[in-house]
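Q: Mind having a look at this structure? Questions to follow.
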Amino acid sequence: MTPGEKIGPVLKILDEHYGDAHVTLDFTNPLELLVATVLSAQCTDVRVNKETPAIFKKYPDAAAYAAAPLADLEAAFHATGFFRQKAKSVQGICKALVDHFVGQVPASLEELVKLPGIGRKTANVILGNAFGIPGIVVDTHMGRVSQRIGLTKNQDPVKIEFDLMPLVPSERWTKFSHQMIWHGRAICTAKKPQCPVCPILPYCDYGRQATSGGR
């Protein structure tokens, strides 16, 4: 089956099994989601959510992050790992927000990717979940699952995103991203995918080969 033939059944299965899929980072405004997304790198969303209430209270706006001593940000981010780099990243982003966007997170991909360290993946997370602007988020789960199913042959996240965009209706891009990520965490894991119990198995190139003894 071609990617175009697969996508309809795959979307239906994702709706049946992950109908309530959503972003698992806690936030109340775009800046909070941006900071939480940076902190979630190589850290669980559960851990980030434990730390962010105190962080958001101490640093209520971009100007507060921009003006904070770097050592204070490092201490606030310590429990999320890689805290020195994350402190530099958040402060750099917030200084750019203050200098170029009146302290506000912009609501366009073109402007978001101009912020230091912000790529299309993070930009689409912000757009889809904070502004309701659809975007496909290609993280490691999305990349792995879409490759295994056979929706893309590319390895580069940007190329994967552009392969998926014409397949999935634009109004579903954000929801589809969450569903694929949840599936990647629950079933289609990196090291031990549970192919025999996967509901997408009939449409998955990798899974059908794995269960037939081809791997």
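Q: In the structure shown, do any of K95/K159; K88/K114; K86/K191; K12/K50; K86/K153; K57/K175 have a Cα-Cα gap over 24 Å, and if so which?
A: Listed pairs above 24 Å: K95/K159; K86/K191; K12/K50; K86/K153; K57/K175.
Q: Students often get this wrong, so try it: which of (i) 1.10; (ii) 1.01; (iii) 2.83 is Cα Rg over 2.2 N^0.38 Å as calculated from the structure shown?
A: (i)
Q: What is the gain in length, in nm to one decimal, between M1 and A186 on full extension, counting 0.36 nm per residue of separation less the C-alpha to C-alpha distance?
A: Taking M1 through A186 to full extension adds about 64.1 nm, to one decimal.
Q: Further question on the same structure: Taking the Cβ-Cβ separation of V113 and S212 as r and a Förster radius of 30 Å, what is the calculated FRET efficiency to the nearest 0.05?
A: For R0 = 30 Å, the calculated efficiency reads 0.10.
Q: Distance between Cα centroids, the range 149-179 to the range 39-82: provide it in whole Å.
A: 30 Å
Q: Moving on to the next point. In degrees, nearest 10, range 0 to 90: what is the angle between the Cα axis of helix 173-186 and the longest Cα principal axis of the chain?
A: 80 degrees
Q: Something else about it: Among P116, P134, P202, which one shows the biggest mean-square fluctuation in a GNM of the chain, springs joining Cα atoms closer than 10 Å?
A: P202
Q: Can you tell me how the range 30-130 classifies by the Cα gyration tensor, rounded, prolate or oblate, using a/c under 1.5 as the rounded cut?
A: Because a/c hits 1.5 or more and a/b fails to exceed b/c, the range 30-130 counts as oblate.
Q: What nm value, rounded to one decimal, do you get for the distance between R172 and A54 when each label is placed 7 Å out toward the C-beta?
A: If labels sit at R172 and A54, their model points lie 4.3 nm apart.
Q: At 222 nm, what helix-only mean residue ellipticity would the chain give, in deg cm²/dmol to the nearest 500, using -39500 (n - 2.57) for each DSSP H run of four or more?
A: Mean residue ellipticity, 222 nm, calculated: -17500 deg cm²/dmol.
Q: Moving on. For the chain, take the longest principal axis of its alpha carbons; what is the angle in degrees between that and the long axis of helix 83-100, to the nearest 10 within 0 to 90?
A: The helix 83-100 is inclined about 70 degrees to the chain.
Q: Measure off 7 Å from each Cα along the Cα-to-Cβ vector at A63 and N29, then give the distance between these two points in nanometres to one decimal.
A: So the two model labels end up 1.2 nm from each other.
Q: If we count every other residue with Cβ under 15 angstrom of S40's Cβ, Lys/Arg +1 and Asp/Glu -1, where does the sum land?
A: 0
Q: Working from Cα positions, state the angle (0 to 90°, nearest 10) between the long axis of helix 3-17 and the longest principal axis of the chain.
A: 70 degrees
Q: Between D205 and A41, how many nm apart are label points set 7 Å from Cα along the C-beta direction?
A: Placing both labels 7 Å beyond Cα along the Cβ direction yields 3.1 nm.
Q: Around R172, with a cut-off of 12 angstrom between Cβ atoms, what is the net charge of the other residues, counting Lys and Arg +1 and Asp and Glu -1?
A: Spelling it out: positives minus negatives among the neighbours equals 0.
Q: Next question, about the same structure. Based on Cβ point charges of +1 for Lys and Arg and -1 for Asp and Glu, what charge dipole magnitude is obtained for the chain about its Cα centre, in debye rounded to the nearest 20?
A: For this selection, approximately 740 debye.
Read-outs: derived from the displayed coordinates by stated rules, not from any lab. Since this is a predicted model, take the numbers as computed values, not measurements. Here the Cβ is made from the backbone with ideal geometry for all residues, glycine too, and neighbour counts use every protein chain on show.
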